[in-house]
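The values are calculated or read from the model by the stated rules, or taken from the named source; none is laboratory data. No experiment lies behind these values; they were computed from the predicted model shown. Note: ideal-geometry Cβ built from the backbone for every residue, glycine included; neighbour counts use all protein chains shown. These accessible areas exclude ligands, DNA and RNA; they are computed on the full protein's heavy atoms, side chains included. Shrake-Rupley method; radii C 1.70, N 1.55, O 1.52, S 1.80 Å.
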Amino acid sequence: MKWQGVLPAITTPFKPDYSVDADLLVKQVDALVRAGCTGVVALGTIGEGGSLSFDEKKAVLRLCREALAGRAPLVAGVAALTTAEAMRLAELGAEAGCEGLMVLPPYVYRGDWRETRAHLVAVVGETPLPCLLDNDPAAHGTDVLPEQMVDLAVSLPNLAAVKESSADVRRVSALRALLGDRLAILVGVDDLVLEAVQAGAAGWVAGLADALPAESVRLFDLAAAGRIEEARALCDWFLPLLRLGTVPKSVQLVKLVQQETGLGSEAVRPPRLPLEEPQRGAVVDLVRFALARRPPLA
């Protein structure tokens, strides 16, 4: 498992009756791989993992595995209310043939560092799979600091990477200074990708890549190659859309952009509800304005 390049955190498409849309999920995953994405992360926050039953999660992983057909690795998101449930989901990831896991802190209960550490050690320490720690303080209410990341890296040999979503690009430099190459660092904030790559991030767990995978891969590749002027020009076009993936209604927004690009549906599962007017119309106008000015990628 190589934690590098663009690994979209995929959405879970739903039919009007809120059941998982298997055909649309397969279409989405295939499009991401064809565009050059280096892996797929399923069942994360943007994938509405907390709204899916255990059997639905199992089905989503199976569908992703079949759609990938060995062309890129599959990473399963592991998030739950309890440590025991998270450990069972980690087992499911291994059983489903995933190449890695993205492990989140517990839902709802926001523990102190002793409790957070115990949870992460229990989940990561009980799986043979390499793990990515999802550090997203805004979404999870828990922030694993760089010094605490060192503790985990020393204690957990299969902790291989961190998705840094604190929105503080200095965290990338801090982690590199403390850990060197021990952990791969991936940026998890879409509108900071250019800055994070320049600071040393090796990959991007992306949201808007679900809707615009070719542009996402091109942006990351230009940044990683040090072609900053070209990357900046593409980022200037992309930035208004990338910002949609960084706000509380990011799931609804990313899904709406996917619908506009033909790679998804705006349907979400309650308690989330689709966007309403006038916000929805404003987002559609923004997306269509951007798509009409889509830059060539050659």
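In table form, for the structure just shown:
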| item | result |
| --- | --- |
| Contour excess over end-to-end distance, with Cα ends at TYR109 and GLU195 and 0.36 nm allotted per residue | 27.8 nm |
| Amide H contacts under 5 Å for GLY100, placed H, 5+ residues apart | LEU74, ALA76 |
| Shape of the stretch 131-268, Cα gyration tensor, a/c cut at 1.5 | oblate |
| Mean separation of Cα contacts under 8 Å (6+ apart) over length of the chain, as relative contact order % | 19 |
| Extension gain (nm, one decimal) between ASP181 and LYS27, 0.36 nm per residue minus Cα-Cα | 51.9 nm |
| Within the accessible area of the chain (1.4 Å probe), percent carbon and sulfur | 54 |
| Longest DSSP-loop-exposure-free segment, GluC sites (Glu not before Pro), the chain, at most 15 other Cβ within 10 Å | 127-275 |
| Rounded to 5, the percent of DSSP beta bridges in the stretch 1-130 classed as antiparallel | 10 |
| Sites VAL121 and ARG294, calculated FRET efficiency, Cβ-Cβ separation with R0 30 Å, nearest 0.05 | 0.10 |
| Among PRO130, PRO106, PRO274, residue whose mean-square fluctuation peaks in a GNM of the chain (springs only between Cα atoms under 10 Å) | PRO274 |
| Antiparallel bridge percentage (DSSP; both residues within the chain; nearest 5) | 5 |
| Rounded, prolate or oblate (a/c below 1.5 giving rounded, otherwise prolate when a/b exceeds b/c) for the stretch 119-180 by Cα gyration tensor | oblate |
| Residue-count net charge about VAL287 - beta-carbon cut-off 14 Å; Lys, Arg +1, Asp, Glu -1 | +1 |
| Within a Gaussian network of the chain (alpha carbon springs, distance under 10 Å), most fluctuating of ALA69, ALA199, ALA79 | ALA69 |
| Euclidean distance between Cα centres, the stretch 210-260 to the stretch 162-184, Å | 21 |
| Cut-off 15 Å between beta-carbons: net charge of the residues surrounding ARG110, Lys and Arg +1, Asp and Glu -1 | -3 |
| The chain, helix-only ellipticity at 222 nm - DSSP H runs n ≥ 4, -39,500 (n - 2.57), divided by all residues, nearest 500 | -14000 deg cm²/dmol |
| Residue among ALA167, ALA138, ALA201 with the largest mean-square fluctuation in a Gaussian network model of the chain, springs linking Cα atoms under 10 Å | ALA138 |
| Alpha-carbon centroids, the stretch 1-68 and the stretch 90-139: separation in whole Å | 18 |
| Per residue, in Å², the accessible surface of the stretch 1-82 once ligands and nucleic acids are set aside, probe 1.4 Å | 38 |
| Among (i) 21.7; (ii) 19.0; (iii) 21.3, the entry that matches Kirkwood radius over Cα pairs in Å as calculated here | (ii) |
| Heavy-atom accessible area ranking, 1.4 Å probe, most first, across TYR18, TYR107 | TYR18, TYR107 |
| Cα gyration tensor category, rounded, prolate or oblate, for the stretch 2-106 with a/c compared to 1.5 | oblate |
